[in-house]
Amino acid sequence: MHRPTGTHVDTLRTSVPERTTPLPHPEWAGGRAVRLRGHRRAPAPSRSLLARATLRVGCEDAPVLDLLPSALPATVTAGPARLLRRLRGAPSPVAGRTVLVTGASSGIGEHTAYAAARAGATVLLVARRAEELERVAEQVRALGARASTYSCDLTDGEAVDALVVQVLAEHGAVDHLVNNAGRSIRRSLAESADRFHDVERTMAINYFGPVRLTMGLLPAMREQGFGHVVNVVSWGVQIKAPKFSAYLASKSAIDTWGRILAREARSDGVHVTNMRFGLVKTPMIAPTKEYENQRAMTAEQAGQQVLRIMEDLPPAWGHPVGYVGEAMNLLAPGLLDAVMHQLHQRIPDSRR
């Protein structure tokens, strides 16, 4: 198994190198902090009463608001800011930042890398397949951005630790971490009695891997006063769809872990966004033939949406159907159970 080369794990750094490239427009709200180490961040620019009220409503520390579409408050404030930025012809807030994307060799991860490159970011590409990573890196460079590739199996804890050390040594703190790498499996519980390894391998890539990577990069984010973790999740964590117990349990775990991280690291300038995508046309959904005629977002559209999330920093983003399912789980769980049972009977098990 190929692991990142360079600095050894036993020489873990206690600090990260200073970035020499100046960051554009540090005064923008939500932009990366430029304070010196050991100094407190400068106070944020004053906001209007309406903006302050809107931001207060959107705070993650009010648990009852998790029952509402938590992307809505961010949309209220971020939409006008994005429109104003475009009207002024200002660059994306992501310009000049470092973006690390896992699962970058295809699908959502690949197109997130392209979107970040067009916005002017330095893109760090992580996946197992070195050849595919280099193909994506060439496209990123063709867009005028810098790219580095790291072949890493996120289920290998030592490899993840080595990746963290190498990334910090070569690039300093990561500004945006996109935890996109993952696997899905479609199998009913009745067919899973002798397949506990399905649960283990799904949790390894969808939960343990991203948690270990995030925890390794988190101290440097806190030290610089800014960081953003994007967890690519699924609307299934809200709907609780049958046949996907191992997959959705792992995605629910990273969704919950990310929300708790946001609440603990808020004062350090660390943001977390859980993106609960609906169907996206990627190799992951190809084995489920029932999805072929369903409306789905393209991987390119998904990558653009991840970029918008990196610009706006909302606590969550999701598909309307997911929020409907979440409400039904609260208000009419028996009815939703009956509907989901019918779905369970229609969708076959995976034979992989």
message: As I understand it, the dipole of segment 125-200 uses +1 on the Cβ of Lys and Arg and -1 on the Cβ of Asp and Glu, about the Cα centre. Which of Ala193, Ala169, Leu125 lies farthest toward its positive end?
response: Leu125
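Would you kindly calculate the mean projected area, averaged across all directions, of the convex hull enclosing the Cα atoms of segment 68-346, in square nanometres?
On the way: hull surface 61.2 nm².
Its Cα hull, projected and averaged over all orientations, spans 15.3 nm².
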query: Length gain on complete extension for the stretch Val321 to Leu335, per 0.36 nm per residue less the alpha carbon to alpha carbon distance?
result: 3.5 nm
statement: trypsin sites (Lys or Arg not before Pro) in segment 173-251 lying in a DSSP loop, each with at most 16 other Cβ atoms within 10 Å of its Cβ, come to Arg183, Arg195
Farthest toward positive dipole pole in segment 68-346 [+1 Lys/Arg, -1 Asp/Glu at C-beta], among Tyr323, Ser250, Val306: Tyr323
- request: Note down the nm distance, to one decimal, between modelled labels 7 Å out along Cα→Cβ at Arg141 and at Ala169.
  value: 2.2
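Read-outs throughout are calculated quantities, based only on the coordinates presented, and are distinct from any laboratory measurement. No experiment lies behind these values; they were computed from the predicted model shown. Quick reminder, even Gly has a Cβ in these numbers, built from the backbone with ideal geometry, and neighbours come from all protein chains shown.
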